[in-house]
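The values are calculated or read from the model by the stated rules, or taken from the named source; none is laboratory data. Just so it is clear, the model here is predicted, and its values are computed rather than measured. Methodologically, a virtual Cβ is constructed for each residue, glycine included, from the backbone with ideal geometry; neighbour enumeration extends over all protein chains shown. Heavy atoms of the whole protein, side chains included, go into the accessibility calculation; ligands, DNA and RNA do not. Shrake-Rupley method; radii C 1.70, N 1.55, O 1.52, S 1.80 Å.
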There are 2 protein chains.
Amino acid sequence: MTLQRVLPFTKSLLEEAVSEGDTVVDATAGNGHDTLFLAGLTGPGGKVIAFDIQEEAIEATRLRVEGHPQVKLVHGSHAEMVRHVDGPVAAVVFNLGYLPKGDHAIITKSDSTLTAIEQSIGLLKENGLVLIVIYSGHEGGGEERDAVMEYVRELPQAFFDVMKYEFINQRHSPPFLVAIEKKPKRNKQRTEG
Amino acid sequence: MTLQRVLPFTKSLLEEAVSEGDTVVDATAGNGHDTLFLAGLTGPGGKVIAFDIQEEAIEATRLRVEGHPQVKLVHGSHAEMVRHVDGPVAAVVFNLGYLPKGDHAIITKSDSTLTAIEQSIGLLKENGLVLIVIYSGHEGGGEERDAVMEYVRELPQAFFDVMKYEFINQRHSPPFLVAIEKKPKRNKQRTEG
């Protein structure tokens with residue numbers, strides 16, 4: 001396969017954005033796969049803060065990241081991210097929807113998702129990324145997708161690039177990726193002459 | 001910058017898809033930049049067939065690819081691609097719109113573009129790519145974009161993956177990429193047991 005699927009492409013972007021020693025956030029720990037991947041990228045000198053509102057997810061993640069003291073787990077909402085994360089951060093990753101193998105009635109919701117995305121972009125360092133993998137096939141997923149898309153399309157292009165990576169000939173609403181990059185500040189001071 | 005712009009990302013995909021000795025097509029030679037890039041990827045043992053309906057573009061490309069005998073220039077429509085190309089091909093690239101620095105009234109048109117895309121996917125080898133960079137800011141561009149998008153969304157997912165890569169918070173209709181990959185044939189013969 002020449003074209004990368006959405007999840008491997010998301011990982012490739014994280015590899016680009018995150019270096020050893022960085023601080024990063026897993027906004028939806030889920031079963032901890034991304035948390036562990038991020039811990040590998042930051043190394044023991046970095047910091048990974050992982051959020052989930054479900055006890056089950058926090059426990060699964062705790063088991064998976066044993067031996068990686070750079071990971072801090074927060075059993076709570078990513079909408080309170082700024083209380084737990086000391087920025088700037090190199091990357092924040094969201095996997096919206098429900099916990100795989102968990103209760104499919106417990107889903108991320110537009111309001112808290114938008115609050116968390118807003119906080120994430122405030123925490124980003126220059127050239128840092130917020131990566132949002134959007135699943136919209138489940139009930140309530142379409143509404144959340146529309147709310148997120150409306151929000152990210154309006155992000156000012158002077159400060160952010162917003163990219164969408166999507167397979168468009170598939171049935172059954174496959175996941176797609178939205179990536180937000182914080183642009184470096186322009187140098188306001190110019191040398192005369 | 002962490003996220004690749006549309007044109008560098010398109011080149012990265014060509015680097016993935018094209019190996020030395022391959023046959024590839026530049027469906028819109030323009031000023032010959034992509035043709036030269038492709039000639040570098042196929043090497044002298046490969047073949048690059050480049051099309052343009054404008055004499056001016058063919059001459060500009062001829063100058064740029066001097067010393068690369070693997071390039072064959074066709075002053076004619078890419079809608080007649082199958083008459084000039086002996087497949088299978090590793091990649092076909094389209095830059096839709098008008099010739100940069102040329103007459104902006106001469107543009108690619110929906111009918112011939114769709115014919116050429118249809119022929120391209122027929123020529124593809126397994127895991128080969130058709131890459132279409134779509135500019136829709138110019139007059140007539142919106143119509144062509146809509147026709148192409150309608151066509152590619154309907155390509156059967158059993159045989160093709162269709163991906164869209166787009167920056168979505170920019171004004172002034174920036175170019176975006178559509179990539180079509182031909183899937184490998186499934187092995188129909190299964191071993192019993």
Subset of segment A:150-167 [open to solvent by 20 Å² or more (accessible area, probe 1.4 Å), at the interface with chain B (Cβ under 8 Å from one of its Cβ atoms) and either in contact with a His (Cβ under 7 Å, 6 or more places away or on another chain) or not in a strand (DSSP E or B) (or both)]: A:ARG153, A:GLU154, A:PRO156, A:GLN157
Any pair with Cβ under 7 angstrom, 6 or more apart, that starts in segment B:53-81 at a residue that is over 16 Å from B:PRO100 (Cα atoms) and of a type in the set (A, V, I, L, M) and ends at one that is open to solvent by 80 Å² or more (accessible area, probe 1.4 Å) and at pLDDT 95 or above: B:LEU73/B:ARG62
So B:GLU20, is it part of a helix (DSSP H, G or I) and either open to solvent by 10 Å² or more (accessible area, probe 1.4 Å) or of a type in the set (Ser, Thr, Tyr) (or both): no
Any hit, segment A:138-146, residues being out of contact with any strand residue (DSSP E or B) (no Cβ under 8 Å at 6 or more places or on another chain), over 28 Å from B:ALA158 (Cα atoms) and in contact (Cβ under 8 Å) with a residue 24 or more places away in the chain: yes
Residue in segment B:119-126 that is under 23 Å from B:VAL18 (Cβ atoms), in contact (Cβ under 8 Å) with a residue 24 or more places away in the chain, open to solvent by less than 40 Å² (accessible area, probe 1.4 Å) and within 14 Å of another protein chain (Cβ to nearest Cβ) present: yes
Given (1) assigned to a helix (DSSP H, G or I); (2) within 11 Å of chain B (Cβ to nearest Cβ), number of the condition A:GLU143 does not satisfy: (2)
Restricting segment B:168-190 to residues that are open to solvent by 70 Å² or more (accessible area, probe 1.4 Å) and free of Cβ contacts under 8 Å to residues at least 24 places away in the same chain, the residue that is nearest to the other protein chains (Cβ to nearest Cβ): B:ARG171
Some residue of segment A:60-76 being over 14 Å from the mean Cα position of the chain (by Cα), within 14 Å of chain B (Cβ to nearest Cβ) and outside any loop (DSSP other than H, G, I, E, B): no
Out of B:ILE106, B:ILE132, B:ILE168, B:ILE121, sole residue that is β-branched (Val, Ile, Thr) and touching a helix residue (DSSP H, G or I) at 6+ places or on another chain (Cβ under 6 Å): B:ILE168
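Step by step: first the residues of segment A:6-24, then only those that are among the charged types (D, E, K, R) and more than 9 Å from every other protein chain (Cβ to nearest Cβ), then the one that is farthest from B:LEU14 (Cα to Cα). Which residue is that?
The selected residue is A:ASP22.
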Segment A:23-49, residues that are outside any helix (DSSP H, G or I), open to solvent by 20 Å² or more (accessible area, probe 1.4 Å) and more than 23 Å from A:ILE117 (Cβ to Cβ): A:PRO44, A:GLY45
All positions within segment B:97-111 that are touching a Phe, Trp or Tyr at 6+ places or on another chain (Cβ under 7 Å) and either on the phi > 0 side of the Ramachandran plot or not in a strand (DSSP E or B) (or both): B:GLY97, B:HIS104, B:ILE106
Criterion violated by A:ALA57 - all others in (1) in a helix (DSSP H, G or I); (2) within 14 Å of another protein chain (Cβ to nearest Cβ); (3) open to solvent by less than 10 Å² (accessible area, probe 1.4 Å) satisfied: (2)
Selection count, segment B:118-140, where residues are part of a strand (DSSP E or B) and either under 13 Å from the mean Cα position of the chain (by Cα) or of a type in the set (D, E, K, R) (or both): 10
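Hey, can you tell me all the residues within segment A:83-101 that are open to solvent by 20 Å² or more (accessible area, probe 1.4 Å) and more than 22 Å from A:PRO184 (Cα to Cα)?
Correct list: A:ARG83, A:HIS84, A:ASN95, A:TYR98, A:PRO100, A:LYS101.
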